[in-house]
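Structure, as structure tokens:
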Amino acid sequence: MKIFMQMWMAIHVFIYRLTNGKIGGRMGSEVLLLDTVGRKSGKQRTNPVMFFQDGSAYVITASAGGGPANPGWYYNLQAHPQTTIQVMGQRIHVAASEADPVERERLWAKLVSQSPQFKRYETRTTRKIPMLILKPGQE
């Protein structure tokens, strides 16, 4: 199953980049490509991640579908918060930070109102699902 997911992700990233997000840029919600550097491997990684905008910031959620652990990209962003994203055909330098508890509650409510499946993800796990804020213009 893991190999299938890795192949699907690689194909998604390839098609998204090839079409500037015309294919793969919406999957129920908007999708961006998140570039990270592996905290252990040092390798460049790219993951398609659902997002919404909050002012000029992009907000992503480390839900892992309600799994027991945060996705690997979450830990990569903690280690290397300066990164790039691709939103449709635009590459943007951003700085990532985790929302504080008050901000997280506001952002979580906004997320769930737009994408109700995240409420189900919250019930599948005991962890507090992190919300990350990607602020543009940071290098």
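A short reminder: the numbers here are calculations on the coordinates, not readings from a lab. Everything numeric here is computed off the predicted structure, so don't read it as measured data. Every residue, glycine as well, gets a Cβ built from its backbone with ideal geometry; the counts of neighbours run over all protein chains shown.
Please report the projected area of the stretch 99-138's Cα convex hull averaged over all directions, in nm². Could the numbers behind the result be given before it?
Details: hull surface 13.5 nm².
That works out to 3.4 nm², a quarter of the Cα hull's surface.
Mean Kyte-Doolittle of at least 0.5 plus a Cα span of 18 Å or more along the axis: flag which DSSP H helices in the chain meet both, please.
On the way: long enough: 2-19 (26 Å, 0.92); 101-114 (20 Å, -0.64).
The qualifying helices are 2-19.
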**Request:** Using only alpha carbons, build the gyration tensor for the chain and give me the equivalent ellipsoid semi-axes, biggest first, whole Å.
**Result:** 21, 18, 17
**Complete:** Residue by residue through the stretch 36-49, the couplings from Karplus 6.51 cos²θ - 1.76 cosθ + 1.60 with θ = phi - 60°, in Hz, x for Gly and Pro, are 9, 10, x, 5, 9, 7, x, 7, 6, 10, 9, 10, x, 9
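Run the count for the chain, please: Lys pairs, Cα-Cα under 21 angstrom, 8 or more apart or on different chains. The partial results should precede the final answer.
Values: Lys2/Lys40; Lys2/Lys43; Lys110/Lys119; Lys110/Lys128; Lys110/Lys135; Lys119/Lys128.
Lysine pairs meeting both conditions in the chain amount to 6.
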**Computed [θ] at 222 nm, helices only, for the chain once each DSSP H run of length n ≥ 4 contributes -39500 (n - 2.57)** = -10500 deg cm²/dmol
**Prompt:** What is the magnitude of the charge dipole of the chain about its Cα centre, with +1 placed on the Cβ of each Lys and Arg, -1 on the Cβ of each Asp and Glu, and no other charges, expressed in debye to the nearest 20?
**Reply:** 420 debye
**Request:** Mind giving me the nanometre distance, one decimal, between the label points for Lys40 and Thr123, set 7 Å out from Cα along Cα→Cβ?
**Result:** 3.4 nm
